[in-house]
Amino acid sequence: MAAMESARRSSRPATGDRPVGSGGRRGARTPAETTPEGFGRFSAENPVHSAFAAVGRTPLLELELSFRGRPRRIYAKAESLNLTGSIKDRMAAWVLADAWERGAWRPGHRIVEASSGNTAIALAALGRAQGSPVRIFMPSWMSSERVKILSAFGVDLVRVSEAEGGFVGSVARAAECALREPDTFLSDQFANPANVEAHACTTGAEIVRQLDSLGLKADVFVAGVGTGGTIMGVGRALRERSPRVRVHPLEPAESPILTQGVHSGHHRIQGISDEFIPAVVNLAALDRPVAVHDGDAILAARELARQLGLGVGISSGANLIGALLMQEELGAEAVAVTVFADSHKKYLSTDLFKEEPAAADWIAPGLQFHSWRAIPCPAGLPGN
Ligand SMILES: Cc1ncc(COP(=O)(O)O)c(C=O)c1O
């Protein structure tokens, strides 16, 4: 399987002006090809069309804070404002719309996927609206909130323990199920180039427009890697606008799979670093991975809620720290952008809502947040 083949590939990160988002089995792009904006590429007959206005076009938050005694500004997309509360709505809507156009999925046909939760929730919501049953293979250690939400959507949830293969086992079982069952669509988020395209054409295109409205261009973009759709797709859109932008994938320091190429260690940043390097990720087209401790990510997310009233998930805390660290290398004035992938609500039962003792070298304890303002998505992105 593509995802696991790529897990076995050795990974050597490198820096440069190469096009981002050209990994994966198909959909490779040349630098000359420009990325279209928004969901407008899909026809009005597409059944997913009815959901497009509820996905994407999220505000870009401009955060003011102090880090190491110096004022900083970080930009982050507020992705909890999507239909089911996460960035994965973009991918799910795009992948289903694309599959319908290719004849690979029809309303009523079963949707199958391996997911740590947010993709499952997004596919469930969009799938159920089209009368499609949804079967999800999910590692057994994901938060109970995810399990309850999926059961509310009537999802057929298969929880896969560590002994049964965990994440890699979930991916394999989803693929087997799709082969076995008739009228079944495997959305294949770890290898499907439509995942990258969703983020290039919506998340990335929106960021370009929002920064344009401030007279800015991104200098650096940082995002945690789950499937890699966000980092590859947004990276592609930003590089088309300014070829020198740095694009850094982020991983937990406790499980640095992008750097080491093999799975090692447990971490608490749900949604990223899923035991293998997905096929859509092309490390050679990205700048080097940045590592953030999961406890530091938890503290950063907690401080965003406590000091600014922004309730974000753990990966958002990690992304904020990663963006600050990479901005530090370029200078405090550099335009640093990231995503807040979801809200804190799906983490009530996790360490995000417990006391987290800080280590001496962590970043979050030294952050003072001052304010935020929301930069709206300018009108004119076709179809969303
Ligand atoms: C909370 C959270 N953060 C980050 C990501 C990573 O996004 P991507 O799959 O585009 O790499 C995910 C993916 O599911 C997620 O659920």
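For the stretch 82-96, which residues satisfy the criterion of being surrounded by fewer than 24 Cβ atoms within 10 Å (Cβ to Cβ) and hydroxyl-bearing (Ser, Thr, Tyr)? Correct list: THR84 only.
Residues are listed down the side, and each one gets a yes or a no for (1) closer than 30 Å to ARG128 by Cα; (2) of a type in the set (Asp, Glu); (3) at pLDDT below 70; (4) in contact with a strand residue (DSSP E or B) (Cβ under 6 Å, 6 or more places away or on another chain):
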{"residue": "ALA14", "(1), (2), (3), (4)": "no, no, yes, no"}
{"residue": "GLY27", "(1), (2), (3), (4)": "yes, no, yes, no"}
{"residue": "PHE39", "(1), (2), (3), (4)": "yes, no, no, no"}
{"residue": "HIS49", "(1), (2), (3), (4)": "yes, no, no, no"}
{"residue": "ARG70", "(1), (2), (3), (4)": "no, no, no, no"}
{"residue": "SER80", "(1), (2), (3), (4)": "yes, no, no, yes"}
{"residue": "ASP89", "(1), (2), (3), (4)": "yes, yes, no, no"}
{"residue": "TRP105", "(1), (2), (3), (4)": "yes, no, no, yes"}
{"residue": "GLY108", "(1), (2), (3), (4)": "yes, no, no, no"}
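Please enumerate the residues belonging to the stretch 339-352 that are away from the ligand (no atom under 12 Å from the Cβ) and surrounded by 12 or more Cβ atoms within 10 Å (Cβ to Cβ). Answer for the stretch 339-352, where residues must be away from the ligand (no atom under 12 Å from the Cβ) and surrounded by 12 or more Cβ atoms within 10 Å (Cβ to Cβ): SER349, ASP351.
In the stretch 204-258, which residues are in a helix (DSSP H, G or I) and either among the aromatic types (Phe, Trp, Tyr) or outside the structural domain of ALA300 (by TED's automatic domain parsing) (or both)? Those that are in a helix (DSSP H, G or I) and either among the aromatic types (Phe, Trp, Tyr) or outside the structural domain of ALA300 (by TED's automatic domain parsing) (or both): none in the stretch 204-258.
Checked against (1) surrounded by fewer than 21 Cβ atoms within 10 Å (Cβ to Cβ); (2) more than 16 Å from the ligand (Cβ to nearest atom); (3) not acidic (Asp, Glu), ARG268 passes all but condition (2).
In the set GLY317, GLY313, GLY309, only one residue is touching a His at 6+ places or on another chain (Cβ under 9 Å) and within 19 Å of GLU79 (Cβ to Cβ); that residue is GLY313.
All of ALA332, ALA364, ALA359 fail the test of being more than 16 Å from the ligand (Cβ to nearest atom) and more than 15 Å from ALA300 (Cβ to Cβ), apart from ALA332.
Selection over the stretch 252-272 of residues that are modelled with pLDDT of 90 or more and out of contact with any Gly (no Cβ under 7 Å at 6 or more places or on another chain) gives a count of 11. Scanning the stretch 150-209 for residues that are surrounded by fewer than 24 Cβ atoms within 10 Å (Cβ to Cβ), closer than 21 Å to ARG106 by Cα and of a type in the set (S, T, N, Q) returns a single hit, THR184. Looking at the stretch 68-78, can you tell me whether even one residue there is free of Cβ contacts under 8 Å to residues at least 40 places away in the same chain, surrounded by 16 or more Cβ atoms within 10 Å (Cβ to Cβ), closer than 27 Å to GLY204 by Cα and within 14 Å of the ligand (Cβ to nearest atom)? Within the stretch 68-78, not a single residue is free of Cβ contacts under 8 Å to residues at least 40 places away in the same chain, surrounded by 16 or more Cβ atoms within 10 Å (Cβ to Cβ), closer than 27 Å to GLY204 by Cα and within 14 Å of the ligand (Cβ to nearest atom).
Here's the yes/no breakdown for (1) among the polar types (S, T, N, Q); (2) more than 13 Å from the ligand (Cβ to nearest atom); (3) free of Cβ contacts under 8 Å to residues at least 40 places away in the same chain:
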| residue | (1), (2), (3) |
| --- | --- |
| SER86 | yes, no, no |
| ARG90 | no, no, no |
| LEU123 | no, no, no |
| PRO133 | no, yes, yes |
| VAL147 | no, yes, yes |
| ALA152 | no, yes, yes |
| GLY165 | no, yes, yes |
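The values are calculated or read from the model by the stated rules, or taken from the named source; none is laboratory data. Not measured: the values here are computed from a predicted model. Here the Cβ is made from the backbone with ideal geometry for all residues, glycine too, and neighbour counts use every protein chain on show.
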